Amino acid sequence: MSNTDAADAPTPDATESITIYSDYVCPFCYLGRQSFARYQETREEPLAIDWHPFDLRAGKRGPDGEIDDTADDGKDEEYYEQARENVRRLQEKYDAEMAQELRTDVDSLPAQIVSVHVRETAPESWLAFDEAIFAALWQDGRDIGDREVLADIAADVDGLDPEIVDEALADDDLRDRVTDLFTAARERGVTGVPTFAYDGHAARGAVPPEQLERLVGDV
């Protein structure tokens, strides 16, 4: 399911890649990466990540980029309470550090735009930047939709200049290409994240390491 829309981020000694569709504001995407990290530790050679962005905020994003919490997305309080319960269960299962269970007020579009730009211009720094975005939101509770927060993250990643954030966010063509990546994901049948895909097969959700092992065919 990987394609040329987004190049693989280099991973030391990686000879294969797994496609991961995700959105930074999804707690299950963060937890899925915790599971994936555990799976990686069992492999002789790590898998590179072929990352494809997904947009969970499209139905709530206003014309100026603000998040409208009053927009009806079909999710009621019962849905969110069940989500919180599932997050707590997986957080304990994967021993994951988390500052909160959900963040419905944060828009990840700026972070995804910058992340795609890093993939294209400094691929050797992408994985560290990607992991730092997840950590900033889910471990530190920071707003990754904020330009200054993204610049702080970039400044702490080897090989990146914080100016890359303004460069990316000012690029209208890049924004359009990221939107096209969102559309492409849905056209491929991706309806939820995280989705892990390998050799024509897929697993959706923050699945355990042993399920990722079966997906890749190690067992």
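The values are calculated or read from the model by the stated rules, or taken from the named source; none is laboratory data. Here the structure is a predicted model, which means the values were calculated and not measured. In this analysis, Cβ positions are derived from the backbone assuming ideal geometry, glycine residues included, and neighbour counts consider all displayed protein chains. Keep in mind that these areas ignore ligands, DNA and RNA; they rest on the heavy atoms of the full protein, side chains included. Shrake-Rupley method; radii C 1.70, N 1.55, O 1.52, S 1.80 Å.
Just the accessible area per residue of region 109-157, please: how many Å² with a 1.4 Å probe?
Solvent-accessible surface per residue comes out at 35 Å².
Relative to the Cα centre, the charge distribution of the chain, modelled as +1 at Lys and Arg Cβ and -1 at Asp and Glu Cβ, gives a dipole magnitude of about 820 debye. Once the Cα-Cα distance is subtracted from the 0.36 nm per residue extended length, the Arg84 to Glu120 segment shows a gain of 9.5 nm.
Calculate for the chain the 222 nm mean residue ellipticity that helices alone would give, adding -39,500 (n - 2.57) per DSSP H run of length 4 or more and normalising by residue count, nearest 500 deg cm²/dmol.
Dividing the helical sum by the residues of the chain leaves -15000 deg cm²/dmol.
Measuring nothing but protein heavy atoms, the accessible surface of the chain at 1.4 Å probe radius is 42 percent carbon and sulfur.
Given springs between every Cα pair under 10 Å in a Gaussian network model of the chain, which of Leu31, Leu47, Leu150 has the largest fluctuation? For the chain, modelled as a Gaussian network with Cα springs under 10 Å, the answer is Leu47.
For region 48-164, the equivalent ellipsoid derived from the alpha-carbon gyration tensor has semi-axes of 26, 19, 12 Å in decreasing order.
When the chain is treated as a Gaussian network with alpha carbon springs shorter than 10 Å, the biggest mean-square fluctuation among Ala155, Ala71, Ala83 belongs to Ala71.
Of all beta bridges DSSP finds with both residues in the chain, what is the antiparallel percent, to the nearest 5? For the chain, the DSSP antiparallel bridge percentage is about 55.
Length gained on full extension, Ala37 to Arg147, computed as 0.36 nm times the residue gap minus the Cα-Cα distance: 36.8 nm.
Mind checking which of Ile164, Ile18, Phe182 is farthest towards the positive end of the chain's charge dipole, using Cβ charges of +1 (Lys, Arg) and -1 (Asp, Glu) about the Cα centre? About the Cα centre, the residue reaching furthest to the positive side is Ile18. Available extension along the chain between Glu210 and Ala184 is 6.5 nm, counting 0.36 nm per residue and deducting the alpha carbon span. With Kirkwood radius over Cα pairs in Å as the read-out, I listed (i) 17.7; (ii) 17.1; (iii) 19.2; which label goes with the value calculated from this structure? So the structure-derived entry is (i).
In this label model, Glu163 and Asp176 are separated by 2.6 nm, measuring between points 7 Å along each Cα→Cβ vector.
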